[in-house]
């Protein structure tokens, strides 16, 4: 019986997060009420507060899911390449492409720092994406194309550069053109940083 209750609780939490993700992504944090999430999810208020202390905590769970998804897609793109520079390029290009998605824009780039603060936003970046960038740069350093002592600082700087390029896409009148410009600028940065293979 307790296993069934745990499974039911897990399913309720997943439904709440999925519904909140849809509403936060479409309407934004401020315009999405707890009541709208409850109604859309078909869940009682007590169930929501059993899983989440408040609306920001629900948003935090949604953001965690979105950032983890971005990191997974970037990692899959990077894994298609043997050369670590090309892997970094592919992973960062994948993240920039995802920033065209209005829900990703609104949740991960626009609302996240305002709702949860820069520190939490940064913490999720470090948890999900910084490690992959750092590993890629370590491989570049291992091949002799970067000073090993600079890997950590450069990982933070590259991640910040991709984040800023994503914000430019969010604010652009022509997001597709800005994506192409952002990817080209990132390529220039990466090529100047790491140089050619071998």
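The values are calculated or read from the model by the stated rules, or taken from the named source; none is laboratory data. Small disclaimer: the values here were computed from a predicted structure and weren't measured. Backbone-built Cβ (ideal geometry, glycine too); neighbour counts: all protein chains shown.
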Every listed condition ((1) without any contact (Cβ under 8 Å) to a residue 12 or more places away in the chain; (2) within 30 Å of residue 24 (Cβ to Cβ); (3) part of a helix (DSSP H, G or I)) holds for residue 173 save (3)
query: Any residue in segment 49-56 that is closer than 18 Å to residue 156 by Cβ and either crowded, with 20+ Cβ neighbours inside 10 Å or modelled with pLDDT of 95 or more (or both)?
result: no
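Anything in segment 37-75 that is over 30 Å from residue 97 (Cα atoms), outside any loop (DSSP other than H, G, I, E, B) and free of Cβ contacts under 8 Å to residues at least 24 places away in the same chain? List them, or say none.
Just the residues of segment 37-75 that are over 30 Å from residue 97 (Cα atoms), to begin with: 38-39, 42-54.
Subset that is outside any loop (DSSP other than H, G, I, E, B): 38-39, 45-51.
Within segment 37-75, 38, 39, 45, 46, 49 qualify.
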Of the residues in segment 87-102, those that are free of Cβ contacts under 8 Å to residues at least 60 places away in the same chain and more than 21 Å from residue 122 (Cα to Cα) come to 87, 90
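Name the residues in segment 100-129 that are outside any helix (DSSP H, G or I) and at pLDDT below 95, would you? Break it down into steps so the answer makes sense when it comes.
Taking segment 100-129 first, the residues outside any helix (DSSP H, G or I) are 100-101, 117.
The one that is outside any helix (DSSP H, G or I) and at pLDDT below 95: 117.
If you go through segment 13-33 one residue at a time, do you hit one that is buried (at least 18 other Cβ atoms within 10 Å of the Cβ) and at pLDDT below 95? Let's see the steps before the verdict.
Step one: filter segment 13-33 for residues buried (at least 18 other Cβ atoms within 10 Å of the Cβ), giving 13, 16-17, 19-21, 23-25, 29, 32.
Within this subset, residues satisfying the condition of being at pLDDT below 95 are 13.
Looking for residues that are buried (at least 18 other Cβ atoms within 10 Å of the Cβ) and at pLDDT below 95, one finds at least one in segment 13-33, hence yes.
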